[in-house]
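Here is the structure we will look at.
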Amino acid sequence: MSFRADVITLFPELFPGPLGASILGRALAEGRWQLAATQLRDFATDRHRTVDDTPSGGGPGMVLKPDILARAIDAIAPEGDLRPKLLMSPRGRPLDQQRVRELAAGPGALIVCGRFEGVDQRVIEARGLEEVSIGDYVLAGGEVAAMVLLEAVVRLIPGVLGAAESSHEESFEGDLLEYPQYTRPALFEGLAIPEVLVSGDHGKIARWRQQEAEALTARRRPDLLARSRKKAIGKAK
Ligand code: SAM
């Protein structure tokens, strides 16, 4: 069974969007992963297809109703569906490459996209939704966030990236950011490709890349190096 993503949204027409292009789109067409976007309003019970109501306790905006969302979740992922149920949310745990890898190794995901002020807390608890954030900023809705998550996950599904686009040395695959990349022409606006990269000496190239990756990570993301050292100390104990 291939990885299956179900998205619950008020804007199903936004999908697959960028997920339908390039390598991921090809993999989708080949059935290496599956995607379905479901309209939350289809689970409303009144003739206006209402899915939201005013916040209890007052305040601006609207909140997605728990009963309607629960009906949608139960219809799409009934008991026994082992896929994680995710809710895109700025309050969630920040998405990282480790969680991305875990999701890619699993059977898929049900993803709820919030809108307005978000989702009634009770449905989050009653359906065990895992809140996932894509960063410390607020989007207008969860759809783009769901696409970000899926794009990161789907490219790691076995067979989606060809050997040529392999992800093994990329930023966040280890504890380092990736080394700088170059390609032809040899000279661009007076700037040359570092000599070592055209030397043909693969040992030297590997050492240079490692040093550059370490230096870049130390400059830009010292937190990653600190984390890596902590891990190493933990392993040595
Ligand atoms: N009132 C909410 C709060 O302050 O936490 C923000 C609601 S936001 C306007 C509407 C929806 O966009 C959220 O329910 C969520 O699905 C999505 N969203 C916004 N920012 C996000 C982020 N950084 N990561 C993931 N989803 C986000």
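The values are calculated or read from the model by the stated rules, or taken from the named source; none is laboratory data. The structure displayed is predicted, hence computed values, not measured ones. Heads up, the Cβs are rebuilt from the backbone with ideal geometry, glycines too, and the neighbour counts pull from every protein chain shown.
Some points to look at:
- Check on VAL132, crowded, with 20+ Cβ neighbours inside 10 Å and free of Cβ contacts under 8 Å to residues at least 60 places away in the same chain: yes
- Considering only residues in segment 105-163 that are among the basic types (Lys, Arg) and more than 14 Å from the ligand (Cβ to nearest atom), the one that is nearest to the chain's Cα centre (by Cα) turns out to be ARG155.
- Residue tally, condition touching a strand residue (DSSP E or B) at 6+ places or on another chain (Cβ under 7 Å), in a loop (DSSP other than H, G, I, E, B) and surrounded by fewer than 15 Cβ atoms within 10 Å (Cβ to Cβ), over segment 50-86: 0
- Inter-residue pairs, beta-carbon under 9 Å, first assigned by TED's automatic domain parsing to the domain that holds LEU35 and in segment 104-115, second aromatic (Phe, Trp, Tyr) and within 16 Å of the ligand (Cβ to nearest atom), 6+ apart: CYS113/PHE11; ARG115/PHE11
- Among residues of segment 24-49, those that are surrounded by 15 or more Cβ atoms within 10 Å (Cβ to Cβ) and of a type in the set (Val, Ile, Thr), counted: 1
- The set of residues in segment 183-237 that are of a type in the set (A, V, I, L, M) and either modelled with pLDDT under 95 or part of a loop (DSSP other than H, G, I, E, B) (or both) comprises ALA186, ILE193, LEU224, LEU225, ALA226, ALA232, ILE233, ALA236.
- For segment 114-125, the condition holds for at least one residue, the condition being that it is in a loop (DSSP other than H, G, I, E, B), surrounded by 13 or more Cβ atoms within 10 Å (Cβ to Cβ) and among the small types (Gly, Ala, Ser).
- Some residue of segment 219-235 being more than 25 Å from the chain's Cα centre (by Cα) and at positive phi: no
- Residue in segment 75-96 that is farther than 26 Å from GLY59 by Cα, within 15 Å of the ligand (Cβ to nearest atom) and of a type in the set (Lys, Arg) present: yes
- Any hit, segment 61-71, residues being in contact with a Gly (Cβ under 6 Å, 6 or more places away or on another chain), modelled with pLDDT of 95 or more and of a type in the set (A, V, I, L, M, F, W, C): no
- Any chance SER171 is touching an Asp or Glu at 6+ places or on another chain (Cβ under 8 Å), in a helix (DSSP H, G or I) and at negative phi: no
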